[in-house]
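Working notes for the structure below.
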Amino acid sequence: MVDKPSSAPAPAAEPPLHNIVRLVSAYCQAGLTAPSEFLLRRLDLADEIQVAAELERISAIDSLCKTANQPQWTVHCLQSAMTLDSVRAQLLNQLVAATIPINPQAITTEPLVTPLPPSTEIYARRHRLATTTLQALRGVL
């Protein structure tokens, strides 16, 4: 007798519990206390790369919303499974529409770039250094 292969699909493997715990913990830290099944089912929880990417997305969205002084948007963006780019666009639209200052502690009056000295001063300094070095070498030899 020949055994017939069973046509029943193989049972799905259970996802690693530690990945579920890591994701739920990250969602809770970001303010989403009860992540929906949809958020967890859309990922292959056995794939460490997908889990790491989702953890990075959660962290980036949380930090972006807090930087924009809109922490209440974190939960909405996470529940909607928005990409980081769409969160940026949404927050920018909100901030422009509401004219809310972006992170007032970050506003500074100091220049971001140190001004360079005039080029003639740079060349004069190089010439003095080269001359001094040459004279020191002549004195040694």
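The values are calculated or read from the model by the stated rules, or taken from the named source; none is laboratory data. Note that this is a predicted model, so its numbers are computed, not measured. In this analysis, Cβ positions are derived from the backbone assuming ideal geometry, glycine residues included, and neighbour counts consider all displayed protein chains. These accessible areas exclude ligands, DNA and RNA; they are computed on the full protein's heavy atoms, side chains included. Shrake-Rupley method; radii C 1.70, N 1.55, O 1.52, S 1.80 Å.
Return yes or no: is T108 at pLDDT below 80 and either open to solvent by 80 Å² or more (accessible area, probe 1.4 Å) or under 16 Å from the mean Cα position of the chain (by Cα) (or both)?
Working: at pLDDT below 80: yes; either open to solvent by 80 Å² or more (accessible area, probe 1.4 Å) or under 16 Å from the mean Cα position of the chain (by Cα) (or both): no.
Taking the combined requirement at face value, the residue does not satisfy it.
For the range 18-34, the condition of being of a type outside the set (A, V, I, L, M, F, W, C) and at pLDDT below 70 holds for none of the residues. Scanning the range 43-69 for residues that are of a type outside the set (K, R) and under 13 Å from A30 (Cβ atoms) turns up E54, L55, E56, I58, S59, A60, I61, D62, S63, L64, C65. E48 falls short of the stated requirement of being crowded, with 17+ Cβ neighbours inside 10 Å and out of contact with any Gly (no Cβ under 7 Å at 6 or more places or on another chain). May I ask you to say which residue of R57, R88 is open to solvent by less than 40 Å² (accessible area, probe 1.4 Å) and either in contact with a Gly (Cβ under 8 Å, 6 or more places away or on another chain) or of a type in the set (D, E, K, R) (or both)? After applying the criteria, what remains is R57. Looking only at residues of the range 1-17 that are open to solvent by 100 Å² or more (accessible area, probe 1.4 Å) and closer than 30 Å to T74 by Cβ, we find that the one that is modelled with the lowest pLDDT is E14.
The residues in the range 41-67 that are in contact with a helix residue (DSSP H, G or I) (Cβ under 8 Å, 6 or more places away or on another chain), under 30 Å from L95 (Cα atoms) and of a type in the set (A, V, I, L, M, F, W, C) can be counted, and the count is 6.
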